[in-house]
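The values are calculated or read from the model by the stated rules, or taken from the named source; none is laboratory data. Bear in mind that the values here come from a model prediction, so they are computed numbers and not experimental data. Here the Cβ positions follow ideal geometry from the backbone for every residue, glycine too, while neighbour counts run over all protein chains shown.
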Amino acid sequence: MRLTEKPERLRSLLRLVIPSMALVYASSARAADITLGIIGPHEYDLPVDFKPFNVLVQYGDGNAAGNSYNSVGQREARGGSHTWSGMTKYVHFRSFDAIPHVGFAFELIQSESFTLADGSNYGGFGPTIVGPAAWFKPNAHSTFGFQTFMQTPVGTRDATSPNYWSNISSFIFDYEWKHFSFDGDAGTVTGSTKHIKGQHSYSPGVVFYTNLRFSWKATQKIEPFLAFDWQNVTGTYDNTSGHYLDNSNSREIAMGPGIMFNISKHVSFTARYSHSLEGRNTPETNAYYMKFVYLW
């Protein structure tokens, strides 16, 4: 695939970045964000049978919420947080003549974070995330695939380190109409046992999530969209004491509008706002997101 091809294919290239996931270095009941909540429209509008190319992406999001949801789903004016996070990502895309009509990508992602709440004021690099994705096109208008990533257990400080390995895997899909598009994912996050010297051993809860994006192709340059995110986390198990931690399971549903700008052949920018519709044992989402993409 060449950058001299028709404009609609170029726009697709700018949108085909496999997304990063929200960091899971917070406890299961206090997750910082819904997994893969950063994705935008056309995130899985992916080509096949193309020449290799590269993409650099900078994600950013901030959550400024003073509320949280308790164990019965009531919103309380406490337990919220002000957090900022970013992800710098390099992606290499390629296809193989020996495996026709299938696309592949490999990602290397470095996360960053900053927290300001309840007297806390700290930041640093979080875990590093790596992994592949593969997809095919059932027809000219749709894409279906699978992605899986490994997240390392450490960041530059204890507060940004989960202290256990985790795997983030999901099925991905996209369908394109003339004036609209619909895409998303559904998957899980599973973690290894968490060991810290002198402390109890824990098995992190399993995360189930889905992210859906419905967009309107208003013009070649501007595309408004609506985002829906859902996440459910099972309880954390204390292996040393032999029981689940109280209120360690959580769930959340969030929704909000956004807009994507196709600035040029090689550059796009996406912005979005999201707010919780309901939750349990989790800080309220009152968040804004951005994504900058450069393709070469």
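Given the conditions (1) in contact with a strand residue (DSSP E or B) (Cβ under 7 Å, 6 or more places away or on another chain); (2) over 29 Å from Phe292 (Cα atoms), report the number of the one that Thr270 does not fulfil.
The number of the failed condition is (2).
Which of the residues spanning the range 182-193 are crowded, with 20+ Cβ neighbours inside 10 Å and either out of contact with any Lys or Arg (no Cβ under 7 Å at 6 or more places or on another chain) or not small (Gly, Ala, Ser) (or both)?
Asp183, Asp185, Gly187, Val189, Gly191, listed by residue number.
For the range 152-185, what are the residues that are within 13 Å of the chain's Cα centre (by Cα) and in contact (Cβ under 8 Å) with a residue 60 or more places away in the chain?
Correct list: Ile168, Ser170, Ile172, Gly184, Asp185.
Would you confirm, using the coordinates I've provided, whether Lys291 is surrounded by fewer than 20 Cβ atoms within 10 Å (Cβ to Cβ), touching a strand residue (DSSP E or B) at 6+ places or on another chain (Cβ under 9 Å) and either at positive phi or among the charged types (D, E, K, R) (or both)?
No, not satisfied.
Quickly run through the range 132-167 and pick out the residues that are surrounded by 15 or more Cβ atoms within 10 Å (Cβ to Cβ) and charged (D, E, K, R).
Scanning the range 132-167 gives a single hit, Lys137.
Okay, residues lined up against (1) more than 26 Å from Trp216 (Cα to Cα); (2) in contact with a His (Cβ under 8 Å, 6 or more places away or on another chain); (3) modelled with pLDDT under 95:
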position: Phe114; (1), (2), (3): yes, no, yes
position: Phe125; (1), (2), (3): yes, no, yes
position: Trp135; (1), (2), (3): no, no, no
position: Ala140; (1), (2), (3): no, no, yes
position: Phe149; (1), (2), (3): yes, no, no
position: Val154; (1), (2), (3): yes, no, yes
position: Ser170; (1), (2), (3): no, no, no
position: Tyr175; (1), (2), (3): no, yes, no
position: Phe180; (1), (2), (3): no, no, no
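What number goes with the only condition from (1) at pLDDT below 50; (2) in a loop (DSSP other than H, G, I, E, B); (3) among the small types (Gly, Ala, Ser) that Gly37 does not pass?
It is condition (1) that Gly37 fails.
I'd like the full set of residues that are surrounded by fewer than 22 Cβ atoms within 10 Å (Cβ to Cβ), modelled with pLDDT of 95 or more and among the hydroxyl-bearing types (Ser, Thr, Tyr), limited to the range 258-278.
Tyr273
Among the candidates Tyr69, Tyr90, Tyr59, which residue alone is surrounded by fewer than 21 Cβ atoms within 10 Å (Cβ to Cβ) and either under 21 Å from Ser170 (Cα atoms) or of a type in the set (Phe, Trp, Tyr) (or both)?
Answer to the selection: Tyr90.
Could you give me the residue pairs with C-beta distances under 9 Å whose first residue belongs to the range 267-281 and is free of Cβ contacts under 8 Å to residues at least 24 places away in the same chain, whose second residue is in a strand (DSSP E or B) and β-branched (Val, Ile, Thr) wherever it lies, and which are 6+ apart or on separate chains?
Short answer, once both residue conditions are applied: Ala271/Ile259.
Restricting to the range 120-179, what's the tally of residues that are of a type in the set (A, V, I, L, M, F, W, C) and outside any strand (DSSP E or B)?
5
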